[in-house]
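Engineer: Submitted below is the structure of interest, expressed as structure tokens.
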Amino acid sequence: MTERQIQLTDPRALRAYAHPTRMRLTGLLRREGPFTATRAAELTGESVASCSYHLRVLAKFGLVEEAEGGHGRQKPWRATARFTEWPGYSDDPAVAEAADALTVAVAENYFQKMTRALRTRGELSRAWQEAEQFGDTSLYLTPEELTRLGAKVDELLETFADRDTDPALRPEGAQRVAFLRIAVLDRAPAAPAESPTPENTQEAAEE
């Protein structure tokens, strides 16, 4: 049975997973697997040898494993978990550096997916074009409040989680949606405060 998530904390594993082909193979196995290196090559456009190598690297760090049946390059692989998690903070500089590099790699992957979706959205039905979302909101939050907000979003998304593994639960017309979540501290410099007028200055002095 596939676990819900795998936690990466080894800097070597974090660096290994940051490779775009390995991230793609892991995602494909979670959605389309199990499959062989030959099938992986068909899905990615990479060579069979390349896919076989990347799958072995992923297996080394527990992200995928060999499934039953087949042999050699025809042996199927499967994902070991539905999601990958890694530290948002670490006191270990090696872990922090590798985790940040992985986050950047994932963000670049998100950007590519998003731009492809935007370029081709004209091919979608009107219902899907109107349903897709693109925007942002600025909120004033404490770290604790942002954490609680994330937990509430997780709870809401969890109500649809069973559809991932049980197609019978998907209503008619349901399709796979990439729901991206990004919440970062706004580093933009704050607007300078307005200079007090002479009247205000005088009033402040008199007070």
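Every number here is computed from the coordinates shown, using simple stated rules; none is lab data. In this text, all values refer to a predicted model and were calculated from it rather than measured experimentally. Glycine also receives a Cβ, built like all others from the backbone with ideal geometry; neighbour counts cover every protein chain displayed.
Engineer: Taking 0.36 nm per intervening residue step and subtracting the Cα-Cα distance, what contour gain separates Arg126 from Gln7 on full extension?
Structural biologist: Taking Arg126 through Gln7 to full extension adds about 38.9 nm, to one decimal.
Engineer: Quick check: residue separation of Leu149 and Asp92 times 0.36 nm, minus the Cα distance between them. What number comes out in nm?
Structural biologist: 17.8 nm
Engineer: Can you list the residues, at least 5 places off or on another chain, whose amide H is less than 5 Å from the amide H of Trp77, using H built in the peptide plane?
Structural biologist: Phe35, Thr36, Ala67
Engineer: Same structure, new question: Using a 10 Å cut-off around each Cβ, can you sort Val106, Val64 from fewest to most neighbouring Cβ atoms?
Structural biologist: Result, fewest neighbours first: Val106, Val64.
Engineer: When the Karplus curve 6.51 cos²θ - 1.76 cosθ + 1.60 is applied with θ = phi - 60°, which whole-Hz ³J(HN,Hα) does each residue of the range 36-41 get, with x for Gly and Pro?
Structural biologist: Rounded to whole hertz, the list is 8, 4, 5, 5, 4, 5.
Engineer: Still on this structure, I have one more. Specify the residue with the greatest mean-square fluctuation among Phe179, Phe61, Phe111, computed from a Gaussian network of the chain linking alpha-carbon atoms under 10 Å apart.
Structural biologist: The residue that fluctuates most here is Phe179.
Engineer: Also: Which value in deg cm²/dmol, rounded to the nearest 500, describes the helix-derived mean residue ellipticity at 222 nm for the chain, given -39,500 (n - 2.57) per DSSP H run of n ≥ 4 and division by the residue count?
Structural biologist: That calculation yields -15000 deg cm²/dmol at 222 nm.
Engineer: Could I ask something else about it? Pick from Arg22, Arg170, Arg30 the residue whose mean-square fluctuation is largest in a GNM of the chain, springs joining Cα atoms under 10 Å.
Structural biologist: Arg170
Engineer: Can you give the relative contact order of the chain as a percent, counting alpha carbon pairs under 8 Å and 6+ residues apart?
Structural biologist: It rounds to 20 percent for the chain.
Engineer: For a test of the definition: using alpha carbon positions, the gyration tensor, and the 1.5 limit on a/c, classify the chain as rounded, prolate or oblate.
Structural biologist: It is prolate, given that a/c is not under 1.5 and a/b is the larger ratio.
Engineer: Each residue of the range 125-139 in order: what ³J(HN,Hα) in whole Hz does its phi give by Karplus 6.51 cos²θ - 1.76 cosθ + 1.60, θ = phi - 60°, with x for Gly and Pro?
Structural biologist: My calculation for the range 125-139 gives 5, 4, 4, 6, 4, 6, 7, 4, 10, 8, x, 8, 9, 9, 10 Hz in order.
Engineer: Given springs between every Cα pair under 10 Å in a Gaussian network model of the chain, which of Ala67, Ala131, Ala18 has the largest fluctuation?
Structural biologist: Checking each option, the largest mean-square fluctuation is seen for Ala131.
Engineer: Let me ask something else about it. With Cβ to Cβ distances under 13 Å as the rule, what net charge do the other residues near Pro34 carry (K, R +1; D, E -1)?
Structural biologist: With Lys, Arg at +1 and Asp, Glu at -1, the net is +1.
Engineer: Tally Lys and Arg at +1 and Asp and Glu at -1 over the other residues with C-beta under 13 Å from the C-beta of Leu141: what net charge comes out?
Structural biologist: Taking every other residue near Leu141 into account, the sum is -1.
Engineer: While we're on this one: Take Trp86, Trp128, Trp77 and order them by how many other Cβ atoms sit within 10 Å, fewest up front.
Structural biologist: Trp128, Trp86, Trp77
Engineer: Further question: Determine which lysines satisfy two conditions relative to Lys152: a Cα distance under 18 Å, and not lying fewer than 8 residues away in the same chain.
Structural biologist: Answer for Lys152, where 18 Å is the Cα cut-off: none of the lysines qualify.
Engineer: Where the centre of each part is set by its Cα atoms, how far does the range 67-106 sit from the range 5-30, in angstrom?
Structural biologist: 2
Engineer: Still on this structure, I have one more. Quickly work out the Tyr140-to-Asp164 label distance, labels modelled 7 Å from Cα along the C-beta direction, and quote it in nm with one decimal.
Structural biologist: Going by the 7 Å Cα→Cβ label model, 3.6 nm.
Engineer: So what is the relative contact order of the range 54-94, in percent, for Cα pairs below 8 Å that sit 6 or more residues apart?
Structural biologist: Normalised by residue count, the contact order of the range 54-94 is 28 percent.
Engineer: Applying a 10 Å radius around every beta-carbon, put 89-98, 160-169 in order of their mean neighbour count, most first.
Structural biologist: 89-98, 160-169
Engineer: Taking H placed 1.01 Å from N in the peptide plane, check which residues at least 5 places from Ile6 or on another chain put their amide H under 5 Å from its amide H.
Structural biologist: Phe83, Thr84, Glu85
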